[in-house]
Amino acid sequence: MLTDRTAIVTGGSRGIGRAIAVELAKNGANVAIIYAGNEAAANETAETIRALGREARTYKCNVADYDAVKATVSAVTKEMGVPYILVNNAGITRDKLIFSMKEEDYDAVLDTNLKGAFNFIKHCCAGFIKKKEGRIVNIASVAGTMGNPGQANYSASKAGIIGLTKSVAKELAGRGICCNAIAPGFIATDMTSDLPISEDDIKAQIPLGHVGQPEDVARLAAFLCGDGGRYITGEVIRIDGGLAM
């Protein structure tokens, strides 16, 4: 159980991030919900968590902004206590084939998906190290392990998350801190609903024959953050119905 532990979940207002925030609360955690712009969705997630009897606060933050992240982590620590859990879930897509991809599309995705994770790990490190404990879960993607046409920027950012995860795991293991990545496949969220491919075509690629749900990812994240994950670090766990086998 994660009773009274403080968790930070970036991109926590919707989709996978929302499911993770709620699942951590079900396991006893108090949750800081980091969101980019949808205040209503963030507040709705917070109310859901409070209804479970846990504390929830919302923080608007551009995860790509180093100083903004520093200020946000400081505020969370002051208002909710030193974080024990960090889930780097915030992510965007700007899909285009490489020959038509603009520089700003590439930079925006790398800045949010990869630099955003670095920023939060960097600014949470001091608290983790001081307490000699902590759990970091980075949301990668099977696109980071196998590539995906039209997603050179997204795939590069998620491959970077995998490298970041392994390096951080090696650096912090001696301090009692575990760092792992989850690599989802097709999960039913707003992001995947915008893909230019039919649901039947998606299902045809998945050995289990159906897409996953945000709650599938959330349960795995909660496991890694709880007692079950105390001897797991540096791993990249696919949750994709067999897509990347």
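The values are calculated or read from the model by the stated rules, or taken from the named source; none is laboratory data. All values reported here derive from a predicted model rather than from experimental measurement. For neighbour counting, all protein chains shown are included, and Cβ atoms are generated from backbone atoms with ideal geometry for every residue, glycine included.
Filtering the range 210-238 to residues that are under 16 Å from Ala140 (Cα atoms), in a helix (DSSP H, G or I) and over 14 Å from the mean Cα position of the chain (by Cα) leaves nothing. For beta carbons closer than 8 Å, sequence separation of 6+ or different chains, a first residue in the range 200-213 that is touching a residue at least 24 places away in the same chain (Cβ under 8 Å) and a second that is part of a helix (DSSP H, G or I), the qualifying pairs are Gly209/Lys203; His210/Lys203; Val211/Thr192; Val211/Glu199; Val211/Ile202; Val211/Lys203; Gln213/Ala19.
Of all residues in the range 135-158, those being out of contact with any strand residue (DSSP E or B) (no Cβ under 9 Å at 6 or more places or on another chain), among the small types (Gly, Ala, Ser) and assigned to a loop (DSSP other than H, G, I, E, B) number 1.
Sub-7 Å Cβ pairs linking a first residue in the range 116-129 that is within 15 Å of Gly11 (Cα to Cα) to a second residue that is small (Gly, Ala, Ser), at least 6 apart or interchain, are Gly116/Ala64; Gly116/Ala90, ordered by first then second residue. What's the number of the only condition in (1) within 15 Å of the chain's Cα centre (by Cα); (2) modelled with pLDDT under 95 that Gly37 fails to meet? So Gly37 meets the others, but not (1). Scanning the range 95-134 for residues that are crowded, with 17+ Cβ neighbours inside 10 Å and assigned to a loop (DSSP other than H, G, I, E, B) returns Asp95, Met101. If you filter the range 68-94 down to residues that are of a type outside the set (Ser, Thr, Tyr) and assigned to a loop (DSSP other than H, G, I, E, B), you find that the one that is nearest to Val137 (Cα to Cα) is Asn89. Taking the range 35-71 as the range and being free of Cβ contacts under 8 Å to residues at least 24 places away in the same chain and aliphatic (A, V, I, L, M) as the test, the residues that pass are Ala40, Ala46, Ala51, Ala68, Ala71.
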